[in-house]
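Take a look at the structure set out below.
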Amino acid sequence: MEKLQQTATERRRLTRNRIYRYLYEAPEGHSKQEIADHLALSLPTVHQNLSELMQADLVRADGVQESTGGRRAARLCVAENARFAVGVSVSAQHFRILAANLRLEEIAYRKDAHEPTTDPAALGVQLAAALERFLTDFGLNREKLLGVGIALPGVLNAARDRLLTAPTLPLDSPDLQPLAQAIPYPTVFRNDAASGGYAEWFARTDADSIAYLSLEDGVGGAVLLDGTPYTGANGRSGEFGHICVQPGGLPCRCGRQGCLEAYCSSARISTDLGITVEQFFAGLEAGNLAYRTLWADYLQHLAVGIASIRMVLDCTVVLGGYLAQYLAPHLPELRRLAAARDPFDDTADYIRLCHYPKHAVPLGVALPFIQTFLAEL
Ligand SMILES: [Zn+2]
């Protein structure tokens, strides 16, 4: 009898979840009749479930539109700000803290300096304090907070509770529990590049699987198969920065020569020249000859790297990281160069620019909480 009750309750939940997810997929909303028709449910069932969802403030009626035929039915929409999740990108000296609503839209962001430390517990105490300041200063309601995702610049174990290697964030102990225990909210840990890729995968409706290539001071990335990161045997999948694109070429920070990172790091067009990335692209546009030569070489090697990724994975390659925001004018040339190296593809329109050039990592590490909320509602 109890089993039967549970089954009925679960069935009711699934119906409510289907209605909610149907509305979630349509930012412009749907009428009650559309919901009933599309999901093959009776109007009373739709009505009952919508009442519950509206009472819980998860769905709102978006006004009543007039039309020539008279009053039109109210459109029902997901209340995207009913909950939010926080994502934090941790580096040796900064926390980049972001709050995202249920549509993964940024509602608050702050970059906060912290004292460098190698003690996970001490790092956790600092992060907990920074989080509380962030929530208070932006007037965010803690009761609506789903959880805090923490992105780290290193390789995590399969259970994602130990940080195995992190050259830029050395910690005394790989155990992340002391860090998590300092945070009074549900937490998850993720790799930073995989998080950036996860946000990009979520934003795409045209690709089930993507390779995410992040172009910043470091060049890295992630492989997402149907939204799940493929981490590889050692957690090093997506370390695209160390694909060799020029045997015997420029020295790389890894100690080898000719790596993609040596050619396509943002440092090559900024720090190495003693200018900012903005200045480089301004000079390039103004026709600076030295910049044009350097940029042609940059694109050439980037195309070699991308063509290799494509040859192995045969999926969409999304270009992210903060350099991505400058790439739109150069995309046709980049595609031409990549296509020239590919016997199977003469357009290379599999190369796409990211949706989130700025905050993909904190957005992506907030996303697991939103996905769980949507699945379990
Ligand atoms: Zn290297």
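The values are calculated or read from the model by the stated rules, or taken from the named source; none is laboratory data. Bear in mind that the values here come from a model prediction, so they are computed numbers and not experimental data. All Cβ positions, even for glycine, are placed from backbone atoms using ideal geometry, and neighbour counts span all protein chains on display. Calculation scope for accessible area: heavy atoms of the full protein, side chains included, ligands and nucleic acids excluded. Shrake-Rupley method; radii C 1.70, N 1.55, O 1.52, S 1.80 Å.
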Item to complete: Work out Dmax and Rg for the stretch 150-215 from the C-alpha atoms and quote the Rg first, both in angstrom.
Response: 13.7, 43
Worksheet item: How large is the dipole of the stretch 88-200 about the Cα centre if only Lys and Arg carry +1 and Asp and Glu carry -1, each at its Cβ, rounded to the nearest 20 debye?
Response: 220 debye
Worksheet item: What list of ³J(HN,Hα) couplings, whole Hz, do you get for the stretch 319-330 from phi and the Karplus terms 6.51, -1.76, 1.60, once you set θ to phi - 60° and write x for glycine and proline?
Response: 8, x, x, 6, 5, 4, 5, 9, 8, 3, x, 9
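Roughly how big is the stretch 205-353's charge dipole about its Cα centre, with Cβ charges of +1 (Lys, Arg) and -1 (Asp, Glu), in debye to the nearest 20? Please report the intermediate quantities before stating the final value.
Numbers: 10 positive and 17 negative charges, 82 e Å.
Once rounded to the nearest 20, the dipole reads 400 debye.
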Worksheet entry | the stretch 205-353: relative contact order as a whole-number percent, Cα under 8 Å and 6+ apart | 23 percent
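With a 10 Å radius around each residue's Cβ, average the other Cβ atoms per peptide and rank 297-309, 231-243, highest first.
Per-residue mean Cβ counts within 10 Å order the peptides as 297-309, 231-243.
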Discussion item. For Cα pairs less than 8 Å apart in space and 6+ apart in sequence, what is the mean separation divided by the residue count of the chain, i.e. the relative contact order in percent?
Written reply: 16 percent
Worksheet item: ³J(HN,Hα) across the stretch 176-189 via Karplus (A = 6.51, B = -1.76, C = 1.60, θ = phi - 60°), whole Hz, x for Gly/Pro?
Response: 8, 4, x, 5, 4, 5, 6, 9, x, 9, x, 10, 9, 10
Worksheet entry | Assigned charges on the beta-carbon of Lys, Arg, Asp, Glu; the chain dipole about Cα centre (debye) | 600 debye
Discussion item. Quick one: the Cα spread of the stretch 249-377 along its three principal axes, in angstroms, biggest first?
Written reply: 57, 37, 34
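Please sort through the DSSP H helices of the chain and keep those with an alpha-carbon extent of at least 15 Å along the long axis and a Kyte-Doolittle average not below 1.0. Kindly include the intermediate steps, with their values, before the conclusion.
On the way: long enough: 2-24 (32 Å, -1.60); 43-55 (18 Å, -0.22); 120-137 (25 Å, 0.75); 192-203 (17 Å, -0.07); 289-313 (36 Å, 0.84); 360-376 (24 Å, 1.41).
What comes out of the filter, once short or polar helices are dropped, is 360-376.
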Discussion item. Can you order the peptides 75-85, 158-168, 363-373 by their average number of other Cβ atoms within 10 Å per residue, highest first?
Written reply: 363-373, 75-85, 158-168
Worksheet item: Which percent of the accessible area of the chain is formed by carbon and sulfur heavy atoms (probe 1.4 angstrom)?
Response: 51 percent
Worksheet item: Got a sec to turn the phi values of the stretch 105-117 into Karplus ³J(HN,Hα) couplings, 6.51 cos²θ - 1.76 cosθ + 1.60 with θ = phi - 60°, whole Hz, x for Gly and Pro?
Response: 9, 5, 10, 6, 8, 8, 9, 10, 6, 9, 5, x, 8
Worksheet, complete the sentence: For the chain, dividing by residue count, accessible area per residue (probe 1.4 Å) in Å² works out to 49 Å²
Item to complete: Mind ranking 345-352, 86-93 by how tightly packed they are, going by the mean number of other C-beta atoms within 10 angstrom, highest first?
Response: 86-93, 345-352
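Report the far tail of the P(r) of the chain, meaning the percent of Cα-Cα pairs longer than 41 Å. Could the numbers behind the result be given before it?
Details: 16498 of 70876 pairs.
Value for the chain: 23 percent of Cα pairs lie more than 41 Å apart.
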Response to the item:
Among LEU163, ALA73, MET311, the residue whose Cα sits farthest towards the positive end of the charge dipole of the chain (+1 at Cβ of Lys and Arg, -1 at Cβ of Asp and Glu, taken about the Cα centre) is ALA73
Worksheet item: Can you list residues whose amide H is under 5 Å from ALA82's amide H, if they're 5+ apart or on another chain and H is modeled 1.01 Å from N?
Response: LEU102
Discussion item. Using amide H atoms built in the peptide plane, which far-off residues or other-chain residues are under 5 Å from GLY147 H to H?
Written reply: VAL86
